[in-house]
Amino acid sequence: MAAADFRSTIRTTITPFFSKHIPSTTRHSHYSFSSTYSPKPLLSHHHRLTMPPVAIDGKQTVDVDVDDSCSSSVTVKPPSLHDYHRFDQQLLDNVAYDALVWASLHGLVMGDKSSKKSGTVPGVGLVHAPFALLPVSLPETKFKQACDLAPIFNELVDRVSLDANFLQESLSRTKKVDEFTSRLLDIHSKMLHVNKKEEIRLGLHRSDYMLDEQTKSLLQIELNTISSSFAGFGSLVTELHRYILSRHGKLLGLDAENVPVNNAVSQNAEGLAKAWIEYNNPKAVIMFVVQAEERNMYDQHSLSAVLKEKHGITIVRKTLAEVDQEGEILPDGTLTVNGQAVAVVYFRAGYTPADYPSESEWRARLLMEQSSAVKCPSISYHLVGTKKIQQELAKPGVLERFLENKDDIAKMRECFAGLWSLDDSDIVKKAIEKPEIFVMKPQREGGGNNIYGDAVRETLIKLQNLGSQEDAAYILMQRIFPNLSAALLMRNGYLHKDHAISELGIFGTYLRNKDKVIINNQSGYLMRTKIASSDEGGVAAGFAVLDSVYLS
C-alpha cells in the first residue's frame, strides 16, 4: 500500500485502516517497531553461553502482554529456516565463541562505558560492539528496492539543499520553538547573506527503512545527512556473518553467499578521498569533527585507516571546541586548524544540541561553514536531513519541485510512510484517539527521542492546552508494524535469545563539483536489530545491535 493511499485512508477514518493493517489476531500486539507492548520472551534476556537448549514446537503458545487490563496469546508458527531459537545450545555456544574471537581480532570493538578512559584513549577499556549472532532474513526484492533508491535520494538531497527559500520557509515555525534548529538556520542565513557557494558538495547519507509486515511495503524511517555512522562496523558485521556461515553454515542450514557483500567503509572512504582530490591541495588534511568522549571511535578509525592506507591521506581528529581554539580562515578562504590546511571536514559530531555546550562550539561550526573546505555535510545538507523537511517532501506535489523523472518520483513515494505536521488538526485528533498507530518525532537525532503509545496522546493534549507554537517542534509519523523474528543477540559477552525487529539502512555517496557529478552511488548497508519490546533503536545509545542481511 502506497503512503499516499495510507494518508487518504487515515484522513477519512481511522477504523478501516486499523482493521485492514492490523489483523484481529495481532492487533495491539508486539508487531510494531518501537512497540510499547512487551511480549514475554521465550527466554529471559540474559543468558551465559552455557544456557540449556529450549525446544519450540508448532503447538506452543506464547503469552503476550497487551496492556495492564487484558491479555491475549499468539500461536507460534512451526520452526522455519530463520527460527534461530531452534538450534542446539552447544552449537550456539561454539558459534558465539568463534564470533567473539573474530570480533576481537578484527576490531569490532567499542569503548566500555565502565572504563573512564574508554571514550578518550584508544585501546583502553574495550568491549565487543553489540551484534546479532546470525543475519536477519530479508526478501531480495526489498533489499534491491532500497539499494535502487539511494542514488535518487542522493540527488534529491543535493537539489533541495540549493533551494534556500524552501529550507527557510519549511523550517520557519520550527525555528521559533526549537533553539537548535534556529541556530542552524542562522548559520544558513549568514551563508546566504554573503552568497557563499558550495561548489564541491559531498554527501555521505544513510536512508533507513523497515518492512511493514501487513502491507509488505518497504517504508522509510528517516534520511540521515550528518554523521551517518556504522559504515565501518556494518562492513565488519557482514564479514563476521559470512565467516560464521562459511564455518558453521552446513549445521545451521545457512549459506554465506546469501549474505550480500558490504563495502560501506571502502566506499565511504572513496567519497571522502575523491572530495579531497577535487579540493586540489595535496598538503591538506581531512578533518574528522568528533565528540570529546567517543566510545564509538573505532567505527570512525576504520574509515580513517582506509583513507590513510589506501589513499595516503592524513587524517586529524578535532572537537568543535578545538576547532574554535585552533582554527582560522586564510585570506583565500582556506581553513587551517593548528596551522594545517583542511580540505574536507567530516562531521561525526554536531548533530545534537549536546554537542554545543557553549558559544565556542557554535563559533567553530560557523567558521568551518565560512571556509572553502568541503563540508560533509554542509549546513544546507544538514538541514535537508531534518524530520520537518522529510515531512514536507512527503506532501503531494513537492517532489515534483525538485525531480523531473516520474518513475523516480513514483519509487520514492512508494517508500514514504504517512507524515504529518501538527498544524493538521484532523490528524492530531485521530492521533489522540488512536496513538498506538502513530509515532511522534521531535527535531532530534541519535536515538532515545521519539514518543510512542499513550505518551503521544498525553503530549498532544498538553500541547493543545498550552495553546502555543510548541507543536512546530514535532511531526507525526505513521507507525510501522514490522515482522517479528527469533534473534540471537550478543552484548558484553552474553548471548540473548529474544524476539526482535530489524531496520535496514542504505548508505549513499554523492560528490559533485559544480555541474559535474563525480559519484552518485548506493554505497553499502547497515542492518540493526533490537528486541521488540524496546521503543528506541540506536546502537550507540544502547538499544540495538549490529546485524547483516540474509537474502531470501
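Any read-out appearing in this document is the output of simple, stated calculations on the displayed coordinates, not a laboratory observation. No experiment lies behind these values; they were computed from the predicted model shown. Every residue, glycine among them, receives a Cβ derived from its backbone with ideal geometry; neighbour counts consider all protein chains shown.
Which value results for Rg/Rh of region 193-309 when Rg is the Cα radius of gyration and Rh the Kirkwood radius based on the inverse mean 1/r?
Values: Rg = 18.5 Å, Rh = 17.3 Å.
That ratio equals 1.07.
Given the pairs Lys113/Lys497; Lys196/Lys429; Lys142/Lys387, which span a C-alpha to C-alpha distance of over 32 angstrom in this model?
Working: Lys113/Lys497 23 Å; Lys196/Lys429 43 Å; Lys142/Lys387 24 Å.
In this structure, Lys196/Lys429 exceed 32 Å between Cα atoms.
Could you tell me how many cubic angstrom of Cα convex hull volume region 200-269 has per residue?
Details: hull volume 8.1 nm³, N = 70.
Once divided by residue count, the hull of region 200-269 is 116 Å³.
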**Prompt:** Under a no-solvent Debye model with one identical scatterer per Cα of region 137-237, what's log10 I(q)/I(0) at q = 0.12, 0.17, 0.19, 0.21 Å⁻¹?
**Reply:** -0.58, -0.98, -1.10, -1.21
**Prompt:** Once phi is turned into θ = phi - 60°, what whole-Hz ³J(HN,Hα) does the Karplus curve with 6.51, -1.76 and 1.60 give for every residue of region 272-281, x standing for Gly and Pro?
**Reply:** 5, 5, 5, 5, 4, 5, 5, 5, 6, 9
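Kindly rank 484-494, 188-198, 511-521 from highest to lowest mean number of other beta carbons found within 10 Å of each residue.
The packing order, highest mean first, is 484-494, 511-521, 188-198.
Looking only at Cα atoms, what is the convex hull volume of region 253-387 per residue, in Å³?
Numbers: hull volume 20.1 nm³, N = 135.
With only Cα atoms used, region 253-387 gives 149 Å³ per residue.
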**Message:** Going by average Cβ density within 10 Å per residue, which order do the peptides 388-400, 127-139 take, highest to lowest?
**Reply:** 127-139, 388-400
**Complete:** Taking only the Cα positions of region 365-481, the convex hull volume per residue in Å³ is 151
**Complete:** The FRET efficiency for Gln370 and Lys116, from their Cβ-Cβ distance with R0 = 56 Å and rounded to 0.05, is 0.95
**Cut-off under 5 Å, modelled amide H: who pairs with Val109 long-range** = Ala129
**Complete:** Given all pairs of distinct Cα atoms, region 83-172 yields a Kirkwood Rh in Å of 18.0
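Thinking of region 336-404 as a set of Cα atoms, what percent of all their pairs are more than 16 Å apart? Don't skip to the answer; put the middle values down first.
Details: 1390 of 2346 pairs.
Roughly 59 percent, rounded to a whole number.
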**3J(HN,Hα) from dihedral phi, region 155-161, Karplus parametrisation 6.51/-1.76/1.60, rounded to Hz, x for glycine, proline** = 5, 4, 4, 5, 5, 5, 4
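Take every DSSP beta bridge with both residues inside region 263-387 and express the antiparallel ones as a percent of the total, to the nearest 5.
Details: 6 of 18 bridges.
The antiparallel fraction comes to roughly 35 percent.
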**Fill in**
Subtracting the Cα-Cα distance of His106 and Asn195 from 0.36 nm times their residue separation yields 27.4 nm
**Asked** Amide H to amide H under 5 Å from Leu419: which residues, 5+ apart in sequence or cross-chain, H placed 1.01 Å off N in plane?
**Response** Gln478
**Check: region 340-390 dipole with +1 on Lys, Arg Cβ and -1 on Asp, Glu Cβ, in debye** = 180
**Prompt:** Under the Karplus relation 6.51 cos²θ - 1.76 cosθ + 1.60, θ = phi - 60°, what is the ordered set of whole-Hz ³J(HN,Hα) values for region 171-188, x standing for Gly and Pro?
**Reply:** 9, 5, 5, 4, 4, 5, 10, 10, 4, 5, 4, 4, 5, 5, 5, 4, 5, 4
**Complete:** For Ala532, the residues 5 or more places away or on another chain with a placed amide H closer than 5 Å to its own amide H are His499, Ala500, Ile501
**Asked** What number comes out for the charge environment of Val109, summing +1 per Lys or Arg and -1 per Asp or Glu over other residues with Cβ under 15 Å away?
**Response** 0
**Complete:** In whole angstrom, the spacing between the Cα centers of region 470-511 and region 227-241 equals 15
**Spatial separation of Cα centroids for region 160-174 and region 318-387, in angstrom** = 21
**Asked** If you project the alpha carbons of region 148-205 onto their three principal axes, what span does each projection cover, largest first, in Å?
**Response** 37, 25, 18
**Request:** Work out how far the C-alpha atoms of region 426-538 reach from end to end along every principal axis, then list the three figures in whole Å, largest first.
**Result:** 50, 50, 24
**Asked** For the residue pair Arg183 and Glu140, what label-to-label distance in nm results when each label sits 7 Å from Cα along the Cα-to-beta-carbon direction?
**Response** 4.9
